[in-house]
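The values are calculated or read from the model by the stated rules, or taken from the named source; none is laboratory data. These numbers were taken from a predicted model, which means no experiment stands behind them. All Cβ positions, even for glycine, are placed from backbone atoms using ideal geometry, and neighbour counts span all protein chains on display. Surface accessibility is based on the protein's heavy atoms, side chains included, excluding ligands, DNA and RNA. Shrake-Rupley method; radii C 1.70, N 1.55, O 1.52, S 1.80 Å.
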Amino acid sequence: MAYNKPVPRKGQHHEPFWEGAKQGKLMVPRCNDCGRVHWYPRLICPYCHSMNLRWDEASGEGRLYTYAVQHRAFGGWGEEAPYVTGFIDLAEGDRMMTVLRGVDASKPDEIQIGCKVRVEFEKVDDETYIPFWRVVEE
């Protein structure tokens, strides 16, 4: 079945992210001056405003910061509703928004804030893999 959901546009300063995703690696931008990871990728560190950035491979681990159950959606996401979106606190710092896998959207009371999650990648085509996060056992 063809991937029928929106795909983020690829810019040249995002290349390390997309190349890493093809290999099942979560790549995150880190500032060489203040040392902080920031998500989403940008050309200037949002903390110290340096342009001295690099890409590091992240552990692919994190914790669920918060979540919401999506009951209405458009396009390909409409076919999956209800589904759960969440913010993940990356082990390396900062936060990433995602669609959360491994949870039952019809039982939101069973979803635990702070639970451990791990990144996984869904193939769109040979050049594009999208990261999602799955709840894992402690």
Go over the candidates VAL119, VAL124 one by one and state the one that is outside any loop (DSSP other than H, G, I, E, B), modelled with pLDDT of 95 or more and open to solvent by less than 50 Å² (accessible area, probe 1.4 Å).
VAL119
Please pick out the residue among ILE111, ILE130, ILE88 that is open to solvent by less than 60 Å² (accessible area, probe 1.4 Å) and in contact with an Asp or Glu (Cβ under 6 Å, 6 or more places away or on another chain).
ILE130
Residues being within 17 Å of the chain's Cα centre (by Cα) and surrounded by fewer than 15 Cβ atoms within 10 Å (Cβ to Cβ): count how many of those fall in segment 38-55.
2
Could you check segment 89-116 and list, in sequence order, the residues that are of a type in the set (Gly, Ala, Ser), out of contact with any Pro (no Cβ under 8 Å at 6 or more places or on another chain) and either closer than 22 Å to PHE17 by Cβ or at pLDDT below 95 (or both)?
ALA91, GLY93, GLY102
Residues that are surrounded by 13 or more Cβ atoms within 10 Å (Cβ to Cβ), in a loop (DSSP other than H, G, I, E, B), at pLDDT 95 or above and of a type outside the set (D, E, K, R), drawn from segment 1-37
LEU26, CYS34
Tell me which residues, restricted to segment 68-109, are among the aliphatic types (A, V, I, L, M), more than 13 Å from the chain's Cα centre (by Cα) and outside any strand (DSSP E or B).
ALA73, ALA81, VAL103, ALA105
Identify all residues within segment 59-80 that are crowded, with 16+ Cβ neighbours inside 10 Å and touching a residue at least 60 places away in the same chain (Cβ under 8 Å); write none if there are none.
GLY62, LEU64, TRP77
